[in-house]
Amino acid sequence: MNTCREMGIATVAVYSEADRKAVHVLKADQAVFLGDSDPAESYLNIDKIIEAAKETGAEAVHPGYGFLAENPLFAERCEREKLVFIGPPSHVIRDLGNKTVARRTVVAGGVPVIPGMNRPESDPGILAREAENIGYPVLVKAAAGGGGKGMRIVTSPKDFQEACASASSEAGRAFSDGSIYLERYLTRSRHVEFQIVADQHGHVVHLFERECSIQRRHQKIIEETPSPIMTFELRQRMGAAAVAVAKASGYVNAGTVEFLVDQQGNFYFLEVNTRLQVEHPITEMITGLDIVRIQLEVASGSQLSLTQENVRSRGHAIECRIYAEDPEKGFYPSPGKIIYMREPSGPGVRNDCGIYSGFQVPVEYDPILSKLIVYAEDRNQAIMRMIQALEDYVILGVSTPVPFLIDVLKSEAFARGDTFTDFIDTHFSGWKPDRFDEDAACAAFIIDELSRGRKAEATATQQGAGLSPWQTLGPWGR
Amino acid sequence: MDVIETKIDTKSDEYRRNYDSMVAQVAELKEELRIAREDRPQKAKDRIAAQGKMPIREKLERLLDRNTPFLEIAPLAGRGMYDGMIHGGGLVCGVGIVCGKEVLITGNDATIKGGATYPMTMKKTLRVQTMAMQNHLPIITLIDSAGGYLPMQSEVFPDIDDGGRIFYNQSIMSKMGIPQITAVMGLCTAGGAYVPAMSDETIHVKGIGAIFLGGPPLVKAATGEEVTAEQLGGVDLHCRESGVSDYYAEDDAHAIEIVRNIMEYMPAREKARLPMHEPKPPLYDPKEIYGIVSKEFKVPYDVRELIARIVDGSEFLEFKELFGPTVVCGWAYIHGYPVGIIGNNGVLFPDSSMKAAQFIQICDKRKIPLIFLQNINGFIIGREYERQGIAKHGHKMVMAQACATVPKFTVIVGASFGAGNYAMCGRAYNPRFLWMYPNAEIAVMGGEQASGVLVTLRKDQLAKEGLPPMTEEEEEAIRKPIIEASKKESNALYSTSQLWDDGVLDPLDTRDALGLAISASLNAPIPDDVFGYGIFRM
């Protein structure tokens, strides 16, 4: 929306019951109420969104990063209704959204994939045989999946059937498609992804990589760029592969090609995210580009003004995702009212924030509160800057992983760049915050003393004389 | 101002003896208080937890402003009565601060016989209502009561100071403009139903609160109608249909939040103003009171030593120091409030009675609250004093004291015998608060004297009838039961169990309790001159 404003484009937000006071609603030039908090009545309801677009005279639709962002039906509907969908064509979303189709497309483009199946399957016997062929541990994945839903790691054949059944039913619930497929599970791998942008005229460039290995429940919480393992040579090869994937699929607009990198430096194609990603700001930081602006330009039919040679990066950027969740309780969501918040600020600190003091974090949706991004000259400085920013960040009223993130960033393993997807389980399982904080205890005591004093004053003036013993004796007799 | 100069010797045997004795009595008091407040069968605690009710002490913690005092009233009422189970008469009462305002709070302890009303429950309720009326304090009632304890109905229903009086008082209080807020946190059956019904505002807790004139068993017996408590008097009935309750509370915690909201909106009453001084602690350690107050009433002590450990800066302007020395009168400040103090240094003589009467009149004219420190064996007796008219001089003191309109406070710091109790503002003279020290005794006379009187009467009778005088053994047979009964029925713990006082004080708390009580008493205006005369010099 900020980009649109810069470009002189008017914006319309849509919102549901739970988001009445959300930041995007407050920022937009116009906002349209969709319906009940249940996503089916609002953010997943294509008819209502299209209607909102028509009613307000919108020319284009930006699908954001959740809900309908990777839904080919939505893109198709936009195409039919002559609304510009800011993203790839619907057939590309459909092809890449189906992971097995995507695997076939990519293999055809000469890009390495993780050993595994090229077609979804539901027959348990065939699945079991495939698992033997691939070799344990295997990863069971939903063909239509994303965000870790319907994903299971199976280390031994005896757990296999049950894992398939539960993955399939979870996938069925989440994506209305219960089909699953198998891949080799790479132990100790890194999640490295490449940002790509492509125009409607066949030009594709990549905007370097992002390393997103620090994950909990298969969801990223810390992302950085450049990746600590990246070399000039590896970047050349992976970047070329990413561009090849885009070209093979006929990709248009911004997208992300995800790879797993094993300990030997071999990389394997994982999937394409056909949308803007939560972690795109770190790429913007090091390249100085505005990806949303590029999306809008490409969607309007313009040619990319960038060439691969003139994409330059400088420095190091890190993003931490701040959710309303409790790291002590398995990162379980902790919705509630934000009683008070103070955002960190300073040179190289950017906080893309969806909350404010008094905001009620809805129980209905993924409880992301903000994305804290820092930029500095090198990785070490970026880590220090992020630690400082997190320490300055105050969010009261809900649990947040801020103390957890600080401990991760301060850890030796993180400093070494020892970042694999099992990082949290390996180094931080059963993490508890250090509650022995003398400074905090002193501050709490002083505040208590001060507020007690104020209270006494307030009642004393009522009485018009000195303090009565009711104000001075404290909890006497209790 | 004059500072009282102490003359006590903290190294003396007498001081040590008094001190040790008081330490032991205070320890006994604290243990009794602990039992009364905490000692409940696990079963009873589990039962109210299963009902979703909050224990009364927790309700209190939530209701009162954080970090403010609670001046509990008669926590040991009913001690040793009814098999020793009805701690505090089944009620927790006291003065506290809610939303910055001084209020009286009374709540049933549902862990005790379902909050049933025993005679002592009745007496304590009426005492609290009296305090509300005397001090114009709003009254918050957290009710959860099974109603009158039927086996003792004859002691809680018919008389002037029984059940009916509660609702009479509620009517009068309402007319006086004393706010009454009641939270229904359990059953309010029959008489109990009128407590919320007669209050200004009633909060009703969902699921556990019920109000009805006749409970389900009585309704079934009388009309054959079968209804549940919830149908008969639950929150929906009374908040939506009958309008008996005004606020709908989800649970006890919510009900208390509503009470606090009501108190927040309630306009603060303009209190009576006294010219206050900056409060300062006494110069001497109040703990020394332990060694000063005599273990034996026969051993006199100088009440000024006690005053020096209660009043601000130990400063005391003594009135008529050289006249009628068995009563000590003078002005001081307690927690910044000006007070007139009357203490005993022996029995009351004609001159000491007149001095006290004059002093009381001055304080009353100047609207200075009066504090009585009772340690009195009575008025002087004997032909010479009758000839001087001790009866009419005593009358002056009693009259001045009874008619004084300033707030009065009494602490019994030793003996409280006979007409001395009356002249020094005993319970019948409406002191706003009355406390006893753990060593104090209260009776028409000491056990020794009473038995002596009876022995003398018997001797006279025998002589009149020409019978031989009693043997030592016969005399002892008369003395012993009297002395024993007196020991049992005149001590402080017995007094407080009977609600003859508002509690037994650890002497260390004297100054604070008085300060809190004075502040609370100022919620009622001090009326202007009602004498029609000036101050009579005596």
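Our coupling estimate for the stretch A:204-210, obtained by passing each phi through the Karplus curve with A = 6.51, B = -1.76, C = 1.60 and θ = phi - 60°, is 10, 10, 10, 10, 6, 9, 10 Hz, Gly and Pro reported as x.
By the helix-only formula, in which each DSSP H run with n ≥ 4 contributes -39500 (n - 2.57) and the sum is divided by residues, chain A has a 222 nm mean residue ellipticity of -11000 deg cm²/dmol.
For A:Lys82, a cut-off of 13 angstrom between C-alpha atoms picks up these aspartates and glutamates, skipping any fewer than 8 places away in its own chain: A:Glu51, A:Glu59.
Relative protection proxy for A:74-86, B:36-48, from highest mean packing down: A:74-86, B:36-48 (other beta-carbon atoms within 10 angstrom). What the pair-distance distribution of the stretch B:308-436 shows, using all Cα-Cα distances binned every 10 Å from zero, is 14, 49, 31, 5, 0 percent. Length, then width, then depth: along the principal axes, the Cα atoms of the stretch A:2-93 run 35, 33, 23 Å. Cross-link check: pairs B:Lys7/B:Lys287; A:Lys329/A:Lys432; B:Lys30/B:Lys101; B:Lys287/B:Lys487 evaluated at a Cα-Cα cut-off of 21 Å; pairs beyond the cut-off: B:Lys30/B:Lys101; B:Lys287/B:Lys487. The spacing between the stretch B:504-526 and the stretch B:1-52, judged by their C-alpha centroids, is 18 Å. Take the Cα of A:Asp262, step 7 Å along the line toward its Cβ, and report every residue of the stretch A:110-130 whose backbone nitrogen sits under 16 Å from that point. Only A:112-117 fall inside the zone, counting backbone N under 16 Å. Distances between placed amide hydrogens fall under 5 Å for B:Ala74 paired with B:Gly503, all partners being 5 or more residues away or on another chain. Each residue of the stretch B:395-407 is assigned a 3J(HN,Hα), and the resulting list reads 4, 4, 5, 4, 5, 4, 5, 5, 8, 4, 9, 6, x Hz, derived from the Karplus form 6.51 cos²θ - 1.76 cosθ + 1.60 (θ = phi - 60°), x at Gly and Pro.
The convex hull drawn around the Cα atoms of chain A, when projected onto a plane and averaged over every direction, covers 28.2 nm². Each of B:Ala268, B:Ser352, B:Ile368 was scored by the projection of its Cα onto the charge dipole of the stretch B:268-377, and the greatest displacement toward the positive side belongs to B:Ala268; charges sit on the C-beta of Lys, Arg, Asp and Glu. Karplus-derived 3J(HN,Hα) values for the stretch A:430-445, using 6.51 cos²θ - 1.76 cosθ + 1.60 with θ = phi - 60°, are x, 4, 10, x, 7, 8, 8, 10, 4, 4, 5, 4, 4, 4, 4, 5 Hz; glycine and proline are entered as x.
Note on B:Tyr265 and A:Glu438: with the Förster distance fixed at 41 Å, the Cβ-Cβ geometry gives a FRET efficiency of about 0.50.
For the protein assembly as shown, the Cβ-based charge dipole about the Cα centre amounts to some 1100 debye (Lys, Arg positive; Asp, Glu negative; other atoms uncharged). Considering only A:Ser16, A:Ile406, B:Ser451, and ranking their Cα positions along the charge dipole of the protein assembly as shown that arises from unit charges at the beta-carbon of Lys, Arg, Asp and Glu, the one farthest toward the positive end is B:Ser451. The listed peptides B:434-443, A:105-114, A:330-339, ordered by packing as a protection proxy, come out as B:434-443, A:105-114, A:330-339 (highest mean of other Cβ atoms within 10 Å first).
Compared with the dominant Cα axis of chain B, that is its longest principal axis, helix B:350-366 is turned about 40°.
Since every read-out is calculated from the coordinates, none of them should be taken as a lab result. If you're wondering where the values come from, they're calculated on a predicted model, not measured in any experiment. Note that we place each Cβ from the backbone using ideal geometry, even for glycine, and neighbour counts take in every protein chain shown.
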